[in-house]
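Step one of this worksheet: look at the structure below.
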Amino acid sequence: MVGDGEPLLLIAGCGQPAVAWHLSLVPALVAAGHTVATFDNRGVAPSSSPPAPYAVADMTADALALLDHLGWVDPVGVAGHSLGGWIAEMLVLDHPHRVRAAALMGSANRPTAWEIAITTVERDLARLDYDLPPLFYATETLRYLPTADLQDSETVGTWLEFIGDLPPWPNPGRLGQYEAALAWSTDPVRTTRWPEVTVPCLVLAFEHDVDSPPVYARQAAAAMPGSRYREVAGAGHIGIVTHADQVAAQLIEFFAAP
């Protein structure tokens, strides 16, 4: 937890370490007057990795327990990315008295065939509990970059060099989080609850996001009463890293609203 001001909880995506927030958004949010809390979801070290399966509901309970531990009993700002956005969405729907406003980044969408297929593959690979070459995991993340970047050899090479040095994400955390993600993506009920939203929400999409395409994010925002939709041009799914300045500006503006 860093900063001194309005409380803001950041919830990481699937496999994302909390430290990534501090390399991208946290400095700008602290400078804007927020006290920012980050944490590693269950399944990502140094948090524990209990046996799979996990569920988004379990991870939502973890986030609530953290708010209690911090003494943040009054409503706070919450921002989540990808899987973290789903956790934030569940906080909004099931615990609205704990949320002042929520930013759902790269997460609010009806499930797509691509999202279900790739998450099924990731879940099945995790079930094998076999570590493939690091280059495989690095290459798999290329889908998070805009198509134009994939056509640039220098950009791809730099990305693979950076990601390829990271150790494989171990089980049971990998399996647990992928099972939670797949169960959420294939849940036929969750999207029908959007009209129940009573908390101000920002649906933040990324122009070239294949996991949460803008066309579906706009539909989600339209179904959530009082929500606003914003889109970061030129960004893929990990726009929180590649376009951190633009994302931070959107969050600062949103959470500053009365």
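The values are calculated or read from the model by the stated rules, or taken from the named source; none is laboratory data. Because the structure is predicted, anything quoted here is derived from the model rather than measured. All Cβ positions, glycine included, derive from the backbone under ideal geometry; neighbour counts span all protein chains shown. For accessibility, only protein heavy atoms count, side chains too; no ligands or nucleic acids. Shrake-Rupley method; radii C 1.70, N 1.55, O 1.52, S 1.80 Å.
Looking at (1) part of a loop (DSSP other than H, G, I, E, B); (2) surrounded by fewer than 16 Cβ atoms within 10 Å (Cβ to Cβ); (3) touching a residue at least 12 places away in the same chain (Cβ under 8 Å), find the lone condition where residue 72 falls short.
In the conditions (1) part of a loop (DSSP other than H, G, I, E, B); (2) surrounded by fewer than 16 Cβ atoms within 10 Å (Cβ to Cβ); (3) touching a residue at least 12 places away in the same chain (Cβ under 8 Å), residue 72 misses (2) alone.
Please give the number of the condition residue 179 fails out of (1) under 16 Å from the mean Cα position of the chain (by Cα); (2) open to solvent by 30 Å² or more (accessible area, probe 1.4 Å); (3) modelled with pLDDT of 95 or more; (4) over 20 Å from residue 40 (Cα atoms).
Checking residue 179 against (1) under 16 Å from the mean Cα position of the chain (by Cα); (2) open to solvent by 30 Å² or more (accessible area, probe 1.4 Å); (3) modelled with pLDDT of 95 or more; (4) over 20 Å from residue 40 (Cα atoms), the one that fails is (4).
Report, by residue number, each residue of the range 10-61 that is in a strand (DSSP E or B), of a type in the set (Val, Ile, Thr) and in contact (Cβ under 8 Å) with a residue 60 or more places away in the chain.
11, the sole residue that qualifies.
Among the residues of the range 231-246, are any among the small types (Gly, Ala, Ser) and without any contact (Cβ under 8 Å) to a residue 40 or more places away in the chain?
Yes, because at least one residue in the range 231-246 is among the small types (Gly, Ala, Ser) and without any contact (Cβ under 8 Å) to a residue 40 or more places away in the chain.
What are the pairs with Cβ atoms under 6 angstrom where one residue, in the range 131-149, is closer than 21 Å to residue 173 by Cβ and open to solvent by less than 50 Å² (accessible area, probe 1.4 Å) and the other, located anywhere, is part of a helix (DSSP H, G or I) and of a type in the set (Val, Ile, Thr)? Sequence gap at least six, or different chains.
Hits for this filter: 138/163; 141/163.
Would you check which residues across the range 106-127 are part of a loop (DSSP other than H, G, I, E, B) and open to solvent by 10 Å² or more (accessible area, probe 1.4 Å) and list them?
The answer is 110, 111, 112.
I'd like to know if the range 227-237 contains one or more residues that are closer than 20 Å to residue 56 by Cα, buried (at least 17 other Cβ atoms within 10 Å of the Cβ) and among the polar types (S, T, N, Q).
no
So how many residues does the range 168-199 have that are in a loop (DSSP other than H, G, I, E, B), in contact with a helix residue (DSSP H, G or I) (Cβ under 8 Å, 6 or more places away or on another chain) and not aromatic (Phe, Trp, Tyr)?
Looking only at that region, the number is 6.
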